[in-house]
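Q: First the structure, then my questions, so here it is.
The values are calculated or read from the model by the stated rules, or taken from the named source; none is laboratory data. Please read all numbers here as calculations on a predicted model, not as lab measurements. Here the Cβ positions follow ideal geometry from the backbone for every residue, glycine too, while neighbour counts run over all protein chains shown. Note: areas computed on protein heavy atoms with side chains; ligands, DNA, RNA excluded. Shrake-Rupley method; radii C 1.70, N 1.55, O 1.52, S 1.80 Å.
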Amino acid sequence: MMATQDSHSLVFNRTLRHPPEKVWRALTQSWLIEEWLMANDFVAEVGHRFTVRAAPLPGWSGITHCQVVAVESPRLLVYRWGDGTESASGLQTTVTWTLTPEGGGTRLRMEQSGFPSPTALSYVRLGQAWARFLDRLDSVVSRISD
């Protein structure tokens, strides 16, 4: 976890045994994203607005509105997570995926930044959820054919 005075981030680093191009596909193809994250209408185009959808939780409708901010295939993907209307907190964060070739695999870094507090419910929930999502991501990437 990294923090500044005004903002806190969730940061996960993983080394995957797959090349960046294969990992990139799992991060940017809607049907693959659904397998490891949530149902979605993602398109890897700057400015594209999309949603991710799951079962509702207390304080969350189950729908998160997002927008693609940067796409640099196959090394950088950035999107805004939330538009400030998903919950009473009005939270909007930024998710940044960085892929770096490492040996025959990929060093994957995911940072979700912009949390007001490391004790905020969204910070705690997403910190737990991203660990599970990343485990599923690795599983999905393993099944992608070359």
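Q: Would you mind telling me the share, in percent, of accessible area of the range 1-67 contributed by carbon and sulfur at probe 1.4 angstrom?
A: For the range 1-67, the apolar C and S fraction of the accessible surface comes to 55 percent.
Q: Accessible area per residue for the chain in Å², computed with a 1.4 Å probe and the full protein assembly in place, what is it?
A: Result: 51 Å² per residue.
Q: While we're on this one: For the range 98-142, which chymotrypsin sites (Phe, Trp or Tyr not before Pro) are both in a DSSP coil and crowded by at most 16 other Cβ atoms within 10 Å?
A: none
Q: Next question, about the same structure. Percent of Cα-Cα pairs more than 19 Å apart in the range 1-85, please. Write out the running numbers ahead of the final one.
A: On the way: 1734 of 3570 pairs.
Roughly 49 percent, once rounded to a whole number.
Q: Accessible area of residue 71, 1.4 Å probe, to the nearest 10 Å²?
A: Taking all protein chains as shown, residue 71 has close to 50 Å².
Q: I would also like to ask the following. Roughly how compact is the chain, stated as its Cα Rg over 2.2 N^0.38 Å to two decimals? Write down the numbers at each step before the final one.
A: Details: Rg = 14.7 Å, N = 146, 2.2 N^0.38 = 14.6 Å.
Here the answer is 1.01, to two decimals.
Q: Next up: At a threshold of 8 angstrom on Cα-Cα distance, excluding pairs fewer than six apart, so keeping six or more, what relative contact order does the range 1-62 reach in percent? Please report the intermediate quantities before stating the final value.
A: Details: 50 pairs, mean separation 9.9, N = 62.
Dividing the mean separation by the residue count of the range 1-62 yields 16 percent.
Q: If each Cα of the range 88-146 is one equal point scatterer, what is log10 of I(q)/I(0) from the Debye formula at q = 0.15, 0.21, 0.27, 0.28 Å⁻¹?
A: -0.58, -0.92, -1.21, -1.25
Q: Given an 8 Å cut-off on Cα distances and at least 6 residues of separation, report the relative contact order of the chain as a percent.
A: Worked out over the chain, it gives 28 percent.
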